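S.K.: Okay, handing you the structure first.
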Amino acid sequence: MEYNFRKIEKEWQRVWKETGAYKVSNDSAKPKAYVLDMFPYPSGAGLHVGHPLGYIASDIYSRFKRLKGFNVLHPMGYDAFGLPAEQYAIENGVHPAVSTEKNIENFRKQLDNIGFCFDWSREVRTSDPAYYKWTQWIFLQLFSSFFNRTNGKAEPISGLVAIFEKEGNIGHVSPANPSLVFDAATWKSYSHKQQQDILMDYRLAYCGEGEVNWCEALGTVLANDEVVNGVSERGGYPVVKKKLRQWYLRITEYADRLLEGLERIDFSEAMKEMQTNWIGRSYGSEIDFNVKSEKATVDKLRVYTTRPDTIFGVDFMVVAPELDWVPELASAEQLQSVQDYLDYVKSRSERERMAEKKISGVFTGAYAINPFDGREIPIWISEYVLAGYGTGAIMAVPCGDERDFKFAQHFGIPITNIIGSHFDGEEANPTKEAVLENSGFLTGMTMRDAIGAAIDKLEVMGIGKRKVNYRMRDAAFSRQRYWGEPFPIQWKAGEAVPLPVADLPLALPHVDSYKPGPEGEGPLANIPAWVAKELETNTMPGYAGSSWYFLRYMDPHNNHELCSRKASDYWGQVDLYIGGTEHAVGHLLYSRMWTKALYDLGYIGHDEPYKKLVNQGMIQGSSRFVFRVNGTNTFVSKGLLSADGTYQGKTIDKLHVDVNIVDGYELDTQAFTKWRPSFADAEFILEDGKYICDSEVEKMSKGKYNTVNPDDLVDKYGADTFRMYEMFLGPVEMSKPWDTKGIEGVHRFLKKFWRLFMDEEKGLLVVDEPATAEELKILHRTIRKIEEDTERFSFNTAVSSFMICVNELTELKSRKKSILSDLLVLITPYAPHIAEELWHQIGNAGSVLDAAFPVFDEKYVRESAKAYPVAINGKTRAEITISLEANQQEVEQIVLADTSIAKWLEGKPPKKVIYVKNKMINVVI
RNA sequence: GCCCGGGUGGUGGAACUGGUAGACACGCAGGACUUAAAAUCCUGUUCGCCGAAAAAGCGAGUACGGGUUCGAUUCCCGUCCCGGGCACCA
């Protein structure tokens, strides 16, 4: 019987489906394990070989935990709202729900091909009204809550209203408007609208004003990456910033808890660092400077600095250009330059400003007065200072800050040195250890000490105060789009009124056109009935549905709650979460915040969603190129080109060619002529009868013709081979280029594995006889290795161990049922189909999916002696087998008596003999 | 510019806590079986030197230059290159 993987795999997939082998119960005496993949956006392009990498890893881990006796939740679903479907709808008139459904169907088929153990009865789709009902419900919870800073928790806003009625807002500073203070009587005197406006500044989900990239010509709002050089990527139309009503999540209130939570979860240090940097907590102070300007309409400039100790080294101020009052600073002489600069900045996207390396800015003509020495400090504006961070203004200290230094140098601003020899005039020195000079009352102090002293003095003078700042901003939570969750909000006389929970879900209405509404509103603004009901016309962003989906899997069909408390208490945190680093600061922060809010409000019992996160690397494409003689249809093999890339002096075009018609580097010229009509009459200049292509590692994408479809590989080699090969490629966390060539080796391995059990003619070879010590040693070494490697996600080395084990058993012609049965269980997580088939072939009952993972017993692998490497001065010179019982003295005797060692000693005694038991021996001479 | 990864044979990678560098594969070369091919199996494969060859031996070698150590792919300092991320964060 030969290894007919096509038949075996289809057959067992059918059986597993029929028997509900992957259905998971919420009611089990077994310990639980929750293994989750970041769910995919079902794009029209389908899966390529990069996508399943993480899914295979989590699938192996899930199956492994199941064999180890866990009740394993391993669900899958779709992040089904998103821009591409809407764009496709605009271009082709197909409703996003229709194209999404079709794409999901295709994804499902591709996923099923690979043989995953997902419990599909728990599938979720964020675009399903039964799902987004609860996304809307959570939004209403956030809308109806505020963050109580006195105990650091989200609480219902009704409690805040009660407090306001009793004592005003003395104990609860407004996050959005810190200077607002009112007492109970004042609160009661406010109109309903005024009260609602104040409450909006406290809500965790709130409505405010925000700037968007508005493109008049396209009549739509654009994402940052759709704007290039101030014009739209599509069409090249002008883009301006426009203020629109926007919803936000007050994630900044959770900044400290998001930082604290990182200490309790198992994320990579790199990931924690990224989140920490994103939140960006800094300790500094705000300082007010008096302003001297021609117009004299601005009397104070408030800056934020982490280094108040350097205040005597301030040589200029920089203000963010977009602050409203900037023109007020301009002197008559500078007004034109300031206006020109503001126009320039307006045309630039945020992204461009960030990437900009060249220094730009303009002097306003106004001065700030140093409060300690009365010096007049010129005030500049420059795009390197952002309005959204701190106060939108900085005090620039060129001797201590690199950017300030370069700015001063570029514009010829004189530099004050306050750190003596620590500053060399060549580059800034950001030290905190220097002793201050030229610094008034701070002179003679180390900078570290002066920070506190400076703040103390500023506070006494009433012109400065300590301030903790966060880099993170509140999360914009609305989009002017169609294909997203509608907000369950009605606008009545300018007040946002939540819909009653009983009216959820607020279903996304049918539209005839996906075109944007008037004035940058979303397509929902085009529906008269919608507008008549005064419903919010924005929709929620892509990350809304993905911020809580891990909870829905636990109880996916619950119509009364987002997830029953019983279910969420049983499954608790996700034990293993696998996904890419691109979500480091988006999805992972948002879902952590939602979890904390739901925890605060008592809906779930844990405040961190993911116990452990593993990041999968990106699989890059290995592109192939052909060389066409410019202006002809003649293609030259790579090796025939000159060093300068020409052929017989003629220019060459380097073109991407579909990797699927290249075998390694050799082009299938037949297939090439059929690939595209324009190549039908292509001519080839070959080397050694072959056409050799060039290659480059690039991102995998359709346009580069370097995508590989898993379906093709599964068809050719089977799912088990594909699964093991993806793992064999290297560590999951690492990025690596895809190379189909190596898959043959893994396929050969599985065929060899099969032949341990089966002979093509004779059939089953397995015998029920006692195993030898040698066989048991091989088995138990493998058990130990597979268990350790799977537990630490080292799947590539686990595959190697299987290969080694099979090579050794083949060598021994071992056919013992007891050995091979255990081996089948070991390989089940990796190659479930072949394992199940052989499990039944050798006469085992039940499914191998539920077999017990073999228990490692050290006694079978114990050794009595070791072949030690013996080194002379660290260089290995011999291998001597010595008993593990031997002591230092005995070892020295044996080693020094060895002829190949003795010759290095030339009769002299060694200085030292280092003997590390079970490791090595080193003779020092 | 800043932050995070990573540089090991022709290729993917292994070496888990400082202890035989290159496991396991791919590719390549040679051979067996076959009319032939596929499949399968066997042998070799870091580089250089020495050798007719084999065996054995010698030297170098984990991006580069230093350091610590009996011993460094692993730890420390400096440099270069590649990949990814970013909101110039005061």
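What follows is calculated from the coordinates using simple rules that are stated; it is not laboratory data. Bear in mind that the values here come from a model prediction, so they are computed numbers and not experimental data. Cβ atoms come from the backbone with ideal geometry, glycine included; neighbour counts cover every protein chain shown.
S.K.: Would you mind checking the tilt of helix A:773-791 against the longest principal axis of the Cα atoms of chain A, expressed as 0 to 90 degrees and rounded to 10?
M.R.: Around 10 degrees separate the two axes.
S.K.: Between residue A:715 and residue A:666, what is 0.36 nm times their sequence separation minus the Cα-Cα distance? Round to one decimal in nm. Let's see the in-between values first.
M.R.: Values: separation 49, 0.36 × 49 = 17.64 nm, distance 2.25 nm.
Here the answer is 15.4 nm.
S.K.: Then there is this: Using all alpha carbons of segment A:246-298, what is the percent of pairwise distances in each 5 Å bin, ordered from the shortest bin to the longest?
M.R.: Histogram of Cα-Cα distances, whole percents per bin: 4, 14, 17, 15, 11, 9, 9, 9, 6, 4, 3, 0.
S.K.: Magnitude of the Cβ-charge dipole of chain A, K/R +1 and D/E -1, about the Cα centre, nearest 20 debye? Could the numbers behind the result be given before it?
M.R.: On the way: 108 positive and 128 negative charges, 293 e Å.
So the dipole magnitude of chain A works out to roughly 1400 debye.
S.K.: Let me ask something else. List the pair-distance distribution P(r) of segment A:33-106, using every Cα-Cα distance, as the percent of pairs falling in each 5 Å bin from 0 up to the bin containing the longest distance, rounded to whole percents.
M.R.: Percent of Cα pairs in each bin: 3, 15, 21, 17, 14, 12, 9, 5, 3, 1, 0.
S.K.: Give, in nm to one decimal, the length gained when the segment between residue A:531 and residue A:266 is fully stretched (0.36 nm per residue of separation minus the Cα-Cα distance). Provide the component values of the computation, followed by the final result.
M.R.: On the way: separation 265, 0.36 × 265 = 95.40 nm, distance 4.71 nm.
90.7 nm is the gain from fully extending residue A:531 to residue A:266.
S.K.: As an exercise, take the mean of 1/r over every pair of distinct alpha carbons in segment A:356-420, invert it, and state the Kirkwood radius in angstroms.
M.R.: Values: mean 1/r = 0.0776 Å⁻¹.
That comes to 12.9 Å for segment A:356-420.
S.K.: Here is a further query. Determine the relative contact order of segment A:620-698: mean sequence separation of Cα pairs under 8 Å and six or more apart, normalised by residue count, in whole percent. It would help to have the intermediate numbers written out before the result.
M.R.: Values: 141 pairs, mean separation 34.5, N = 79.
Contact order relative to length: 44 percent.
S.K.: Can you report the principal axis dimensions of segment A:4-71 using only the alpha carbons, biggest first, rounded to whole angstrom?
M.R.: 42, 31, 17
S.K.: Now, a different point. Peptides A:587-598, A:748-759: what's the order by average Cβ count within 10 Å, highest mean first?
M.R.: Values: A:587-598: 23.6, A:748-759: 18.5.
Final packing ranking: A:587-598, A:748-759.
S.K.: Measure off 7 Å from each Cα along the Cα-to-Cβ vector at residue A:557 and residue A:813, then give the distance between these two points in nanometres to one decimal.
M.R.: 5.6 nm
S.K.: When all alpha-carbon pairs of segment A:395-457 are counted, what percent fall beyond 17 Å?
M.R.: It works out to 39 percent of all Cα pairs.
S.K.: Another one. Using only helices, what value at 222 nm comes out for chain A when you add -39,500 (n - 2.57) per DSSP H run of length 4 or more and divide by the total residues, to the nearest 500 deg cm²/dmol?
M.R.: Helices in chain A give a 222 nm mean residue ellipticity of -10000 deg cm²/dmol.
S.K.: Calculate, axis by axis, the spread of Cα positions in segment A:737-839 along the three principal axes, and write the results as whole Å, longest axis first.
M.R.: Its Cα atoms span 44, 31, 24 Å along the three principal axes.
S.K.: Provide the FRET efficiency to the nearest 0.05 for the residue A:888-residue A:804 pair, computing r from the beta carbons and using R0 = 41 Å.
M.R.: Calculated value: 0.80.
S.K.: Still on this model: Highest first, please rank the peptides A:441-451, A:872-882, A:310-320 by the mean number of other Cβ atoms sitting within 10 Å of their residues. Walk me through the numbers on the way to the answer.
M.R.: Details: A:441-451: 17.5, A:872-882: 13.5, A:310-320: 24.1.
Ranking the peptides A:441-451, A:872-882, A:310-320 by packing returns A:310-320, A:441-451, A:872-882.
S.K.: With label points built 7 Å along Cα→Cβ from the Cα atoms of residue A:918 and residue A:903, find their separation and express it in nm.
M.R.: It works out to 3.4 nm between the two label points.
S.K.: Now a separate question. In degrees, nearest 10, range 0 to 90: what is the angle between the Cα axis of helix A:888-897 and the longest Cα principal axis of chain A?
M.R.: Long axis of A:888-897 versus the principal axis of chain A: about 60 degrees.
S.K.: At a Förster radius of 56 Å, what calculated FRET efficiency corresponds to the Cβ-Cβ distance of residue A:337 and residue A:502, to the nearest 0.05? Could the numbers behind the result be given before it?
M.R.: On the way: r = 60 Å, r/R0 = 1.07.
So the FRET efficiency works out to roughly 0.40.
S.K.: Mind giving me the FRET efficiency for residue A:612 and residue A:788? R0 is 22 Å, r the Cβ-Cβ distance, nearest 0.05 is fine. Provide the component values of the computation, followed by the final result.
M.R.: Numbers: r = 17 Å, r/R0 = 0.77.
The calculated FRET efficiency here is 0.85.
S.K.: On to the next question. So what's segment A:115-229 giving for Rg/Rh, alpha carbon basis, Kirkwood Rh from the mean inverse pair distance? The partial results should precede the final answer.
M.R.: Numbers: Rg = 20.5 Å, Rh = 17.8 Å.
Answer for segment A:115-229: 1.15.
S.K.: Simple spin-label model, 7 Å along Cα-to-Cβ: residue A:734 to residue A:180 in nm?
M.R.: 5.5 nm
S.K.: To continue, here is another question. Assuming 1.567 mPa s and 4 °C, estimate D for segment A:774-925 with Stokes-Einstein, Rh taken as the Kirkwood radius over Cα pairs, in µm²/s. Before the final figure, lay out the partial values.
M.R.: Details: Rh = 18.3 Å.
Once the numbers are plugged in, D ends up at 71 µm²/s.
S.K.: Which value in Å is the Kirkwood Rh of segment A:865-924 over different Cα pairs? Walk me through the intermediate numbers first.
M.R.: On the way: mean 1/r = 0.0892 Å⁻¹.
11.2 Å is the Kirkwood radius here.
S.K.: Quick one: in chain A, what % of C-alpha pairs are over 43 Å apart?
M.R.: On the way: 221108 of 427350 pairs.
Result for the distance tail: 52 percent.
S.K.: Right, next: How do A:139-150, A:158-169 rank on mean C-beta neighbours within 10 Å, highest first? Spell out each step's value before the answer.
M.R.: Values: A:139-150: 19.8, A:158-169: 15.0.
Peptide ranking by packing, descending: A:139-150, A:158-169.
S.K.: Taking every eigenvalue of the Cα gyration tensor of segment A:526-573, multiplying by 5 and rooting it, what semi-axes result, largest first, whole Å?
M.R.: Working: eigenvalues 211, 35, 10 Å².
Rounded to whole Å, the semi-axes are 32, 13, 7.
S.K.: Right, here's the next one. Please report the equivalent ellipsoid semi-axes of segment A:508-600, computed as sqrt(5 x eigenvalue) of the Cα gyration tensor, largest first, in whole Å. Walk me through the intermediate numbers first.
M.R.: Numbers: eigenvalues 220, 65, 25 Å².
Sorted largest first and rounded, they come to 33, 18, 11 Å.
S.K.: Right, next: D for segment A:281-468, whole µm²/s, Stokes-Einstein with Kirkwood Rh over alpha-carbon pairs at 37 °C and 0.692 mPa s: what number?
M.R.: Working: Rh = 16.8 Å.
It comes out at roughly 195 µm²/s.
S.K.: Okay, next question. Restricting to Cα pairs below 8 Å that are 6+ residues apart, what does the relative contact order work out to for chain A? Please round to a whole percent.
M.R.: Numbers: 1652 pairs, mean separation 118.7, N = 925.
That works out to 13 percent.
S.K.: On a 0 to 90 degree scale, rounded to 10, what angle separates helix A:795-812 from the longest Cα axis of chain A?
M.R.: 0 degrees
S.K.: Also, I was wondering about something else. Do you know the relative contact order of segment A:139-220, to the nearest whole percent, from alpha carbon pairs under 8 angstrom that are 6+ apart?
M.R.: Details: 84 pairs, mean separation 26.3, N = 82.
Once divided by the residue count of segment A:139-220, the mean separation gives 32 percent.
S.K.: Let me ask something else about it. Between the alpha-carbon centers of segment A:58-96 and segment A:414-476, tell me the distance in whole angstrom.
M.R.: 51 Å
S.K.: If you take all C-alpha pairs in segment A:656-723, what percent of them are over 13 Å apart?
M.R.: Values: 1606 of 2278 pairs.
Every Cα pair in segment A:656-723 considered, those over 13 Å come to 71 percent.
S.K.: Also, I was wondering about something else. How long is the gain from residue A:864 to residue A:14 if the chain were fully straight, where each residue apart is worth 0.36 nm and the alpha carbon distance is subtracted?
M.R.: Details: separation 850, 0.36 × 850 = 306.00 nm, distance 4.94 nm.
Length difference between fully extended and current span is 301.1 nm.
S.K.: Using only alpha carbon positions, build the gyration tensor of segment A:620-698, then give the equivalent ellipsoid semi-axes as the square roots of 5 times its eigenvalues, largest first, whole angstrom. Don't skip to the answer; put the middle values down first.
M.R.: Numbers: eigenvalues 62, 48, 28 Å².
Its equivalent ellipsoid spans semi-axes of 18, 15, 12 Å.
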